[in-house]
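Asker: First, the structure itself, so that you have it in front of you.
The values are calculated or read from the model by the stated rules, or taken from the named source; none is laboratory data. What you see is a predicted model; the values in this text were computed from it and never measured. Virtual Cβ from ideal backbone geometry, glycine too; neighbours counted across all protein chains shown. Protein only, heavy atoms only, side chains kept; ligands, DNA and RNA dropped before computing areas. Shrake-Rupley method; radii C 1.70, N 1.55, O 1.52, S 1.80 Å.
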Amino acid sequence: MSQGWFMRKFGFIACLFGLMLGGCRQVETKRPLLFWCSNNAGEITFAREFTEQWQRNHPDKPLRYQPIPEGQSSEEIILASVVGKTTPDIYANMWQGSVEMYAKAGVLVPLDTISGFMEFLRVRCDSSVIQEITSSDGHIYQVPWKVNPIMTLCNTGQVNGPNLKGPPYTYSSYLNAGKQLTKDANHDGYMDRWLGYTEVKVIWYQRFFNFYPLYLAASNGAPLVTNNRGHPSRAAFNNRYAVDVFRFLQQLYRDGYYPKERLTSARDPFLNQRIATSFTGPWQVGFLERYKDTTLHYDTWPMPVPDSHTGPAYTYGDPKNIVIFNTCPDPRAAWAFIKTLIDKPGDLRLMELTGQFPHRRNVDTDPYFSSFLQKNPKLLPFARQSRYIKGVDNCEVIVEVFDIISQEYEACVVYDRKTPESAIRDAARAVDVLLMSEKMNE
Amino acid sequence: MKKLIPYWLVSPYILYFCVFVAFPVMFSVVLTFHSWNIISPMKFVGVENYVRLFNDRLFWQAIYNTLRFLVIHIPLQIVVALTLAEFLNQKIRGQAFFRGAFFLPVIVSGVVVTILWQQLLGFNAGILNRALSVLSFPKVAWLEEPAIAMYAIALMATWKNVGLYVILFLVGLQTVPVQYYEAADMEGATHWQKFRYITLPMINPTIFMVVVLSTIGGFSLFIEPYIMTEGGPLNSTLSAVMYIYKQAFQYYHMGYSATLGFCFALLILGVVAIQKRYVEQEM
């Protein structure tokens with residue numbers, strides 16, 4: 001075996017490797033549009049049906065769907081695809097709080113520049129929703145698609161018991177329910193039946209199931225961050241509503257009505273009737289209907305509000321929206337396809353297949369959806385609540401804002417180390433510093 | 001031409017080293033002077049990241065937590081491993097079984113072990129607390145009490161890694177010449193005296209090796225608090241690596257995360273250098 005032979009072989013393998021790497025680059029010829037959907041069974045069926053329908057009606061505009069690749073979270077996958085420039089053309093299930101970051105990075109198509117988009121949006125959504133999704137640069141980069149309002153699920157067998165007024169709740173009546181319902185059922189000296197449970201973990205998104213919907217309910221949907229164009233953003237939550245919410249939650253933990261330990265590793269505590277109430281979304285209905293035993297009876301009410309509260313109780317709507325990435329070769333065709341997903345038949349099919357609600361006005365009273373809601377009465381309260389929902393503020397660092405609140409939440413609510421006033425004040429101060437430094441980095 | 005062949009043979013490793021070690025290290029140093037969220041262009045910010053680091057209360061708490069973990073974990077690791085090694089060095093029945101049993105946690109996935117311990121340490125449903133209840137002791141909030149959570153994590157980490165150090169100590173113990181013990185026996189030395197004046201000095205190099213390995217392992221504390229406590233309660237188990245990870249992959253502050261990583265690497269380098277110097281003096 002000569003040295004020349006070795007060198008030739010090595011060179012050949014190196015060239016082959018280089019060609020293979022070069023071949024990985026996608027050829028941007030006329031290719032089908034790619035639509036990424038969520039990877040749960042209901043939404044995959046939804047995506048398949050609508051893609052097939054589109055293919056039948058528009059054979060000249062090929063489009064294929066693909067569930068978002070597996071990963072720890074869809075947010076991570078989307079970020080990786082943006083970095084790797086392998087984004088889909090259309091992505092459904094984008095968390096509203098992420099959109100501003102991508103919009104500022106210039107990777108999304110400003111949808112308001114597509115003719116007919118704004119007209120369609122105005123018919124579908126209220127002006128408050130349109131305002132909420134408008135980016136700081138004045139453009140709109142997301143189509144409001146679906147919501148899952150967070151509400152109070154109650155075990156009616158327990159909350160309608162003696163000495164209890166039952167829901168709907170004010171802070172006082174909810175705390176009174178805690179007094180009546182929390183107990184040591186097996187008499188071992190430790191509580192094992194509680195009023196409710198919410199995650200004590202500091203992870204920012206856990207605040208969507210306790211502090212944030214309660215804050216929205218108390219404040220009639222007030223923002224966490226002011227976002228006046230041309231002025232630096234500021235924390236907007238240093239107010240009596242946020243303080244009251246912290247005090248209310250602190251009381252729940254202080255009096256032992258909520259356990260501090262993690263109950264998530266065992267069987268679902270609501271299903272198990274170890275907790276009487278739960279702050280959750282409509283996805284829980286399907287789960288409970290499938291696994292509950294005959295002794296569990298439940299219903300749904302708005303989030304607890306301060307005793308002096310008047311007006312409707314807003315809540316967090318957990319909005320997930322649709323975006324078009326700027327790698328899309330034909331945004332008009334992409335928008336035409338999206339319209340088929342979010343017109344009335346599309347929205348009804350979404351409800352039927354997934355039990356989630358379209359982010360459109362009057363879902364609860366529109367006759368088009370009434371037969372579905374009659375067949376699924378447990379979902380009706382969520383449909384009614386969808387009139388009074390909020391997403392998150394359009395702020396590039398909203399995740400950090402929630403993380404800062406989470407830190408103070410833990411110190412004040414769970415561990416009682418701070419007063420609600422000082423916890424909220426410290427959180428607001430930290431958010432102001434964060435927003436100021438972000439502004440300077442721009 | 002013949003002289004080139006060795007270079008061709010090592011070139012894959014050189015390539016690997018350049019792509020996966022040298023370039024990332026240099027790039028991360030460059031990153032420390034930039035603000036970058038991965039998807040937007042990098043922006044030069046000078047030493048702003050370093051200034052922020054010195055004012056970042058949470059980073060210093062994470063460093064303190066990591067050092068606290070080391071202070072609890074390393075002595076515990078050494079005492080438990082040495083005790084077990086002494087036990088396994090005797091002629092006992094089932095010696096092979098015990099050696100295997102103690103080593104088993106080392107080869108089990110860290111995530112699996114952590115989840116298992118999470119179940120063990122639960123307040124109401126945890127096996128440990130149930131055992132305490134049966135013995136009429138009060139339950140302990142292992143993972144929910146800020147003053148205790150780090151001890152629980154150190155206990156778990158010790159259980160997970162002790163098998164490896166038992167093996168190292170066993171090797172060390174078996175290198176001690178038997179004649180020394182025989183001479184001590186003739187002098188009427190007690191077990192403790194033999195351990196104190198013969199065993200410990202003779203296995204000193206092994207102890208130092210275990211200290212260095214435990215230190216490096218301890219500095220990279222991540223899986224245990226990440227899964228068991230998410231850094232809580234009240235950030236009492238937030239480790240430095242976890243905080244660096246959080247800044248990078250939760251907030252996408254790549255420049256700041258690189259700065260934290262760079263300074264943390266310098267700290268580890270300093271600690272290892274001190275240990276090395278101490279070892280050289282002892283030897």
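Asker: Just in segment B:14-120: which trypsin sites (Lys or Arg not before Pro) are loop by DSSP and have at most 15 other Cβ atoms within 10 Å?
Answerer: Working: sites: B:Lys43, B:Arg52, B:Arg57, B:Arg68, B:Lys91, B:Arg93, B:Arg99; in loops: B:Lys91, B:Arg93.
Within segment B:14-120, the qualifying trypsin sites (Lys or Arg not before Pro) (loop, at most 15 other Cβ atoms within 10 Å) are B:Lys91, B:Arg93.
Asker: Okay, moving on. Report Rg(Cα)/(2.2 N^0.38 Å) for the protein assembly as shown, keeping two decimals.
Answerer: On the way: Rg = 30.2 Å, N = 725, 2.2 N^0.38 = 26.9 Å.
Its radius of gyration relative to the 2.2 N^0.38 Å reference: 1.13.
Asker: Probe 1.4 Å, all protein chains in place: accessible area of B:Thr190 in Å², nearest 10?
Answerer: Approximately 70 Å² for this residue.
Asker: So, one more: Using the Cβ atoms and a cut-off under 14 Å, what net charge is assigned to the surroundings of A:Lys183, where Lys and Arg are +1 and Asp and Glu are -1?
Answerer: Once positives and negatives cancel, what remains is -1.
Asker: Let me ask something else. Roughly how large, in nm² to one decimal, is the mean projection of the convex hull of the alpha-carbon atoms in segment A:273-409?
Answerer: It is 12.3 nm².
Asker: Taking θ as phi - 60°, what are the ³J(HN,Hα) couplings along segment B:98-110 by the Karplus curve (6.51, -1.76, 1.60), each to the nearest whole Hz, with x for Gly and Pro?
Answerer: Running phi through 6.51 cos²θ - 1.76 cosθ + 1.60 with θ = phi - 60° gives 5, 4, x, 4, 5, 7, 3, x, 5, 8, 7, 4, x Hz.
Asker: Now a separate question. Nearest 5 is fine: what % of DSSP beta bridges in the protein assembly as shown come out antiparallel, could you say?
Answerer: Details: 25 of 36 bridges.
Counting DSSP beta bridges with both partners in the protein assembly as shown, the antiparallel share is about 70 percent.
Asker: Could you pull out every residue, at least 5 positions away or on a different chain, whose amide H is within less than 5 Å of the one on A:Thr315? Hs are placed 1.01 Å off N in the peptide plane, and Pro or chain starts have none.
Answerer: A:Ile389, A:Lys390
Asker: When the helix-only estimate is applied to the protein assembly as shown (DSSP H runs of n ≥ 4, each -39,500 (n - 2.57), divided by the residue count), what is the mean residue ellipticity at 222 nm, nearest 500 deg cm²/dmol?
Answerer: The helix-only estimate for the protein assembly as shown comes to -17000 deg cm²/dmol at 222 nm.
Asker: What part of the accessible area of segment B:57-279, given as a whole %, is carbon or sulfur when the probe is 1.4 angstrom?
Answerer: 71 percent
Asker: Quick query: amide H of A:Asn239 versus all other amide H atoms, modeled in the peptide plane; which residues come in under 5 Å with a sequence gap of 5 or more or a different chain?
Answerer: Placed amide hydrogens put nothing under 5 Å from A:Asn239.
Asker: Still on this structure, I have one more. Using a 1.4 Å probe and counting only protein heavy atoms, how much accessible surface gets buried when A and B come together, both sides summed, in Å² to the nearest 100?
Answerer: 3200 Å²
Asker: What order do B:Tyr7, B:Tyr278, A:Tyr171 take when sorted by accessible area (1.4 Å probe), most exposed first? Present the calculation step by step, with values, prior to reporting the outcome.
Answerer: Working: B:Tyr7 155, B:Tyr278 120, A:Tyr171 25 Å².
My answer, sorted largest first, is B:Tyr7, B:Tyr278, A:Tyr171.
Asker: May I have the pair-distance distribution P(r) for segment B:48-91, computed from all Cα-Cα distances with 5 Å bins from 0 and rounded to whole percent?
Answerer: Histogram of Cα-Cα distances, whole percents per bin: 6, 18, 14, 12, 11, 10, 8, 7, 5, 5, 3, 1, 0.
Asker: Could you work out which residue, out of A:His187, A:His309, A:His359, moves most in a Gaussian network model of chain A, that is, has the largest mean-square fluctuation with Cα springs under 10 Å?
Answerer: Of A:His187, A:His309, A:His359, the Gaussian network model singles out A:His187 as fluctuating most.
Asker: Out of segment A:231-280, which trypsin sites (Lys or Arg not before Pro) are coil in DSSP terms and have no more than 14 other C-beta atoms within 10 Å?
Answerer: Qualifying residues, ordered by number: A:Arg267.
Asker: Quick one: which residues, 5 or more positions from A:Asn326 or on another chain, have an amide H under 5 Å from its amide H? H modelled 1.01 Å from N in the peptide plane, none for Pro or chain starts.
Answerer: Those lying under 5 Å, H to H, from A:Asn326 are A:Leu108, A:Val109.
Asker: At a probe size of 1.4 Å, how large is the accessible area of B:His191, to the nearest 10 Å²?
Answerer: Number for this one is 150 Å².
Asker: May I ask you to give the average projected area over all directions of the convex hull of the Cα atoms of chain B, in nm² rounded to one decimal? Before the final figure, lay out each step's value.
Answerer: Details: hull surface 92.7 nm².
Across all orientations, chain B yields a mean hull projection of 23.2 nm².
Asker: By Kyte-Doolittle mean hydropathy of at least -1.0 and Cα axial length of at least 27 Å, which whole DSSP H helices of chain A are selected?
Answerer: In chain A, the long hydrophobic H runs are A:3-23, A:420-441.
Asker: Could you derive backbone 3J(HN,Hα) for segment B:229-242 from the dihedral phi with the Karplus parameters 6.51, -1.76 and 1.60 (θ = phi - 60°), listing whole Hz in sequence and x where the residue is Gly or Pro?
Answerer: For segment B:229-242, the Karplus curve yields 10, 6, x, x, x, 6, 6, 6, 10, 6, 8, 4, 5, 5 Hz.
Asker: Hey, with R₀ at 56 Å, roughly what FRET efficiency would B:Leu267 and A:Tyr368 work out to, going by the Cβ-Cβ distance, to 0.05?
Answerer: Step by step, r from the Cβ atoms, then E = 0.35.
Asker: How about segment A:201-231: which trypsin sites (Lys or Arg not before Pro) there are in a DSSP loop, with at most 15 other Cβ atoms within 10 Å of their Cβ?
Answerer: A:Arg229
Asker: A further question on this structure: Would you list A:Leu380, B:Leu9, B:Leu164 from the most to the least accessible area, probe 1.4 Å?
Answerer: B:Leu9, B:Leu164, A:Leu380
Asker: Through the Karplus equation 6.51 cos²θ - 1.76 cosθ + 1.60, θ set to phi - 60°, convert the phi angles of segment A:132-145 into ³J(HN,Hα) values in whole Hz; use x for Gly and Pro.
Answerer: Karplus-based 3J(HN,Hα) across segment A:132-145 equals 5, 8, 6, 6, 5, 8, x, 8, 10, 10, 9, 9, x, 10 Hz.
Asker: Moving on to the next point. Going Cα to Cα from B:Lys2, which lysines come in below 20 Å? Please leave out same-chain ones fewer than 8 positions away.
Answerer: Result set, ordered by chain and number: A:Lys9.
Asker: Let me ask something else about it. Put A:Cys154, B:Cys263 in order of accessible area, largest first, 1.4 Å probe: what do you get?
Answerer: So the residues, ranked largest to smallest area, are B:Cys263, A:Cys154.
Asker: Using a 1.4 angstrom probe, figure out how much accessible area segment B:57-279 has per residue, in square angstrom, rounded to the nearest whole.
Answerer: Values: 10960 Å² over 223 residues.
That works out to 49 Å² per residue.
Asker: Using only protein heavy atoms and a 1.4 Å probe, report how much of B:Val79 is accessible, in Å² to the nearest 10.
Answerer: 90 Å²
Asker: Let me check I've understood the local charge: for B:Ile63, count other residues with C-beta under 13 angstrom from its C-beta, Lys and Arg +1, Asp and Glu -1. What total comes out?
Answerer: Its environment carries a net charge of +1.
Asker: Local charge sum around A:Ala336 (other residues, Cβ-Cβ under 13 Å, Lys/Arg +1, Asp/Glu -1)?
Answerer: Working: positive: A:Lys61, A:Arg332, A:Lys339; negative: A:Asp60, A:Asp89, A:Asp330, A:Asp343.
Every neighbour counted, the sum reads -1.
Asker: Right, next: Just to be sure I follow: if Rg is taken over the C-alpha atoms of segment B:189-283 and Rh is the Kirkwood radius over the same atoms, what is Rg/Rh?
Answerer: Taking Rh as the inverse mean 1/r over Cα pairs, Rg/Rh reads 1.17.
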